[in-house]
Each structure stands twice: as C-alpha cells, then as structure tokens.
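One structure below.
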Amino acid sequence: MGRTYIVEETVGQYLSNIDLQGKSFVSGLLIGQCSSQKDYVILATRTPPKEEQSESPKHSKAKLDNLDEEWATEHANQVSRMLPGGLLLLGVFIITTLEMGNEFQNTLRRLVFAVEKSMNKKRLWNFTEEEVSERVTLHICSSTKKIFCRTYDVLDPKSSAKPADWKYQNGLSASWLSLECTVYINIHVPLSTTSVTYTLEKNTKNGLACWAKQIENGVYLINGQVKDEDGELLEGQKKSSRGNAQATNHSFDVRVLTQLLLNSDHRSTATVQVCSGSVNLKGAVKCRAYIHSNKPKVKDAVQAIKRDILNTVADRCEILFEDLLLNEIPEKKDSEKEFHILPHRVFVPIPGSTVMLCDYKFGDESAEEIRDHFIEMLDHMIQIEDLEIAEEINTAYMSSCMNTEVSLDNTDDEQPKQPIKTTIVLKIQQNIGVIAAFAVAALAAGISFHYFSD
C-alpha cells in the first residue's frame, strides 16, 4: 500500500486552472507536511518561466527532456525560505498536453531527486530515521485530466516509483496549530589563521553548524511546561461536543532553554586557538511553526519549531551574502569592523488557512517589492495590507548591548553611527591582529539552563 496524500481542494483548483499557453508542459512544487500515517498538501506553485522562454515562441515545443533542472531547483531554494517550521517541499508536479511513457517518469524522478539534493546542501539539520523520506511526483494530463501520483524514496538512489493515493479535502489546514517563540542569539565564530582564507559565507556556515547542535539539544517549554515528547500536543485541552480537542486558531507559546554545563559523564578540556578575526551574530529572531491538528505529537511540534529556528537564521545569512554579492560590496580589508543588518521576517496568510508563509525584507525594500516577490515565487495574489512584519525587536536591550560593544571595541570618534532597525546584526571583525581564543567548560553537579541569550 502506497502513501496517501490529503490535498487541499484549492490546490486542485489551482492545478486545473494552469494554462499551458502553447507549451508542452508546466512544472512546479508541492508544499505541505509529512506525518507517519499520511502527508498533507496545502499549496502548489508553478515554476516561473525563464525570460527567454517566455519571450521566444520556439521554446513552446520544448521536449520534456529539456526541463531545466537547475532553474527548477533554484526556484525550490527560493520557495523553501518562505516556508515556516513544519512545512517542506513534498515533491513536484508537472502538467502535460499528452500522456507520457516511462522516459517521462525518469525525467520526473531526476527532478524530485535534484530538488531534494539541493535542499540538503543548505540545511543545518538532518532527517531522523523515523521520518518519511518519500517524495511525490504528480503528473496531470491536461487533455484527459488523468492524474498519476507516484513516490520515490529520496534517501535511496536506486529507489523505484511506488503508486500513491491523491485525495482532496476542503479546509484541510483551516484549524492547524501554530507554535511561536522569540530566540535571542549571540553566536561568536572565531576565525582561525587557516579558516580566515575561506569566504566569509563558509566561515559563518561552519559557526552556525556548531550553534545548531545547541538548538537541537535544547529543552523546549510549551506554554511554560516541559511535555512528554511521546504525548499528544493537545492533551488536556477542552473537548468539543464531538469529543475532539478544540484546536481552532490555537497558538502555543514556546521558550527555548539551552544547556549551560555538561553532565558529569562528559569530560571537558580547555582549547587554545590562534585566530585572526571573528564573526558575531546577535539579536532576536521571531520563529513560527505549524502542525496539523490530527492528534499531533509533542515531539513533532518541537521538531517543527527547532527547524524553523535553524532555517530562519541560516536563510537570513544566505540572503545577506547574496545581497552583498549582487551589489558587489567588497569586504573591508583596512578597517577593523563591518556591520550588516540582516533582513527581518515578513509573514503573509494563506487564504482559508491558519498557516502563514514568510519572506525576508531589508530596511530599504518596500512593501510592494515584497508583495511582488511573493507573487513571483508562489504564483498567488496577496494584498499589501495582509503583510505582517515581525517586529523582532527588543530596542532597549539591543541598543544598549550594541552601543556598549561599539564603545569598548572601537574608540574612533569618527565611526559612523549605524541605525539598528532590527535586532539581528551580523558583525564581522577582521584583521585585528592575532587573538587567542580560550574555550573552557567546567564540570558541575547537575545541569543549569538559561534562556538562549548567550
């Protein structure tokens, strides 16, 4: 028996309304959530055509073998940044004018594996053994309206296609649960004399990988309580007249505790590292995750919010580096410091759903630009008034902290003042001579936790 995909009815309407406009095929992405029993598809978005393809009619008769995997995976990378915790790319769809044979299935197979491979490169986390590793390919013939739904195990390069069920349901995500938290980060990445030759992006990713382990091993309070990970998230909630827990528009507050000291079972040693600079990430990030309301487990909810924490920090850094490269801003070599404000998060609702998608906005970007990016990437109309800018700000704390560090680290009175409009700041400190970085961890009886602010 293959997997079952429960699909929001609006997804079916969207797919049926796609006009091939003379093209032999249109491809796109399927977005949703996996569970042990079934998968949920809440959104579909077509891959935007390349400019030369949309302008040149000779491409209208392009063969499926010419499907641009690189373009499709780049679209997948962009869309993945817009997904909060709990959502992921479940697979790909393709709409053709004719029914296709086995060769076409090979094209779809290559595409779904290419998308998953691209996603794995950027993740700070790994899938667990218990998680579903099957991804779906959906083929729709526009002339016969036939649907062919198959899955592949993306962890098995030799995986063959398995049939799957594709079933529509109205209001699928209308009562999904949300989890929200604000995480305070202060990530210090020392740049050793060997790593200083690496790109700033690579050094930052290496530092984030170490920080990710702290997030993975943290303790998560849901509404102020530590819950049994194998228990149900809605356990103890009020029952409706039908006997189900009332979960409509239910939001959970999550707080993250990180471990200060090691257990006595672990040995610790002091290390000395010769460094030539450092990278600091500081600020407060707004995190949000969503999970289905069909008897969700605590461990699945915690996992969703964990991954949103890791994804949003990594994505902001990646977007910043792309912006620096796009605008050809060189790294300063003669000055001691550089300050770059990372983009902050913007949320937008999915009509008829409690789920919200997200994007990232620099201070000089307009609401119209963010709206246009949503439309281009997701192929869905949104209204500017629906944009929710996450005010990831603790002004008093950050202005004091940042000003103090600037005054301590730099005595140059001519240093221009940087307007801090968000609370996430990437501070790059390079060419400041040789620094000896000492990391000493002490053994203690018991475990001490603190909110993730250090």
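Compute the FRET efficiency between THR194 and GLU322 as 1/(1 + (r/R0)^6), taking r as their Cβ-Cβ distance and R0 = 25 Å, and round to the nearest 0.05. Before the final figure, lay out each step's value.
Numbers: r = 26 Å, r/R0 = 1.03.
It comes out at approximately 0.45.
Taken about its Cα centre, segment 130-239 carries a charge dipole of about 620 debye when Lys and Arg each add +1 at the Cβ and Asp and Glu each add -1 at the Cβ. Rolling a 1.4 angstrom probe over segment 96-158 with all protein chains present gives an accessible area of which 48% lies on carbon and sulfur atoms.
Residues whose amide H comes within less than 5 Å of that of PHE252, counting only those at least five positions distant or on another chain, are SER178, LEU179, GLU180 (H built at 1.01 Å from N in the peptide plane). Counting 0.36 nm for each residue step from GLN78 to GLU129 and taking away their Cα separation leaves a gain of 15.7 nm. Ligands, DNA and RNA aside, CYS149 has an accessible area near 10 Å² when probed at 1.4 Å. A 1.4 Å probe run over the protein chains yields, for segment 76-194, 46 Å² of accessible area per residue, whole-number rounding. Amide H to amide H distances under 5 Å link VAL7 with VAL41, LYS167, TYR168, GLN169, where only residues 5 or more positions off or on other chains count and H is placed in the peptide plane. A probe of 1.4 angstrom, applied to the heavy atoms of all protein chains, finds GLU376 with accessible area near 110 square angstrom.
From the protein chains alone at 1.4 Å, what is the descending order of accessible area for GLU134, GLU116, GLU74, largest first?
Details: GLU134 40, GLU116 15, GLU74 80 Å².
Listed by decreasing accessible area, they come as GLU74, GLU134, GLU116.
Looking at the square roots a ≥ b ≥ c of the eigenvalues of the Cα gyration tensor of segment 112-189, which shape do they give, rounded for a/c under 1.5, prolate if a/b is larger than b/c, or oblate? Oblate.
Between LYS50 and ASP253, how high is the FRET efficiency from 1/(1 + (r/R0)^6) when r is the Cβ-Cβ distance and R₀ = 30 Å? Nearest 0.05.
The calculated FRET efficiency here is 0.10.
Between GLN21 and ASP364, residue separation times 0.36 nm minus the direct Cα-Cα distance comes to 119.8 nm.
To the nearest 0.05, what FRET efficiency results for GLU338 and LYS122 with a Förster distance of 22 Å applied to their C-beta separation? Working shown, then result.
Numbers: r = 24 Å, r/R0 = 1.07.
With R0 = 22 Å, the Cβ-Cβ based efficiency is 0.40.
Taking all protein chains as they are arranged and a probe of 1.4 Å, the heavy atoms of ASP68 leave approximately 50 Å² accessible to solvent.
The values are calculated or read from the model by the stated rules, or taken from the named source; none is laboratory data. Note that the coordinates shown come from a computational prediction; the quantities given were computed from them, not determined experimentally. Heads up, the Cβs are rebuilt from the backbone with ideal geometry, glycines too, and the neighbour counts pull from every protein chain shown. Surface areas here come from the heavy atoms of the whole protein model, side chains and all, with no ligands, DNA or RNA. Shrake-Rupley method; radii C 1.70, N 1.55, O 1.52, S 1.80 Å.
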